[in-house]
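The values are calculated or read from the model by the stated rules, or taken from the named source; none is laboratory data. Model, not experiment: these values are computed from the prediction. When we count neighbours, we look across all protein chains shown, and the Cβ atoms used for this are built from the backbone with ideal geometry, even at glycine.
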Amino acid sequence: MAAAAKAQATGAPPAKGGPSLVIQLGLLVGLTAIAGGMGWVSGGFLTGGKSETGAHASSGDHGKAKDEGHETDPHASDTIVTLPAITTNIASPPDIWVRMEVSLVFAEPPQPPDLPATLSQDLISYIRTVKMHEIEGASGFRHLKENLEERAAIRSDGQVKQVLIRTLLFE
């Protein structure tokens, strides 16, 4: 009481008593544990509940023996056709040249044998209509890939499942 009266008489504010160091450390440890738990839960959510070691843990296969070497690959019947390199200029600016190497993923071998050549010519026609500002950056590349996939699927009557851009160079 004497210290408070002395501080009041001198005009200095009274000393504030904050939480002790033990309480602060306890709160830090508690909040760290909560953040770690939230990270673990969100990580499990993002990976679909599957871990690297136990991929079948969430699927209910706890007591079943896994048949090693006899797993079926859902993409085993896919046919990948590599097209010849596409080299052409784009619409704007016309002095920019593009060299693109593309592979097409078919669900089964293409029915007409000349379908890959037809699709290659169609992709060249499409690239010639593209403007540089449309394909800049990651989102521009994603839109280009989506447009190529949509165009290939339409031209092949749905036989093309995916377009793989192996190389894309601008000069």
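The requirement of being of a type outside the set (A, V, I, L, M, F, W, C) and more than 21 Å from Thr87 (Cα to Cα) is not satisfied by Gln121.
Remark: Pro113 falls outside the filter, which requires a residue to be surrounded by fewer than 15 Cβ atoms within 10 Å (Cβ to Cβ), in contact with a Ser or Thr (Cβ under 8 Å, 6 or more places away or on another chain) and without any contact (Cβ under 8 Å) to a residue 40 or more places away in the chain. How many residues does segment 88-133 contain that are in contact with a Leu (Cβ under 9 Å, 6 or more places away or on another chain) and over 17 Å from Val163 (Cβ atoms)? Total meeting the criteria: 1.
To keep it simple, each residue is scored yes or no on (1) at pLDDT 95 or above; (2) of a type outside the set (Asp, Glu).
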{"position": "Glu136", "(1), (2)": "no, no"}
{"position": "Arg142", "(1), (2)": "yes, yes"}
{"position": "Glu150", "(1), (2)": "yes, no"}
{"position": "Arg155", "(1), (2)": "no, yes"}
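Assessment of segment 131-147 against the conditions (more than 21 Å from the chain's Cα centre (by Cα) and crowded, with 17+ Cβ neighbours inside 10 Å) yields no matching residue.
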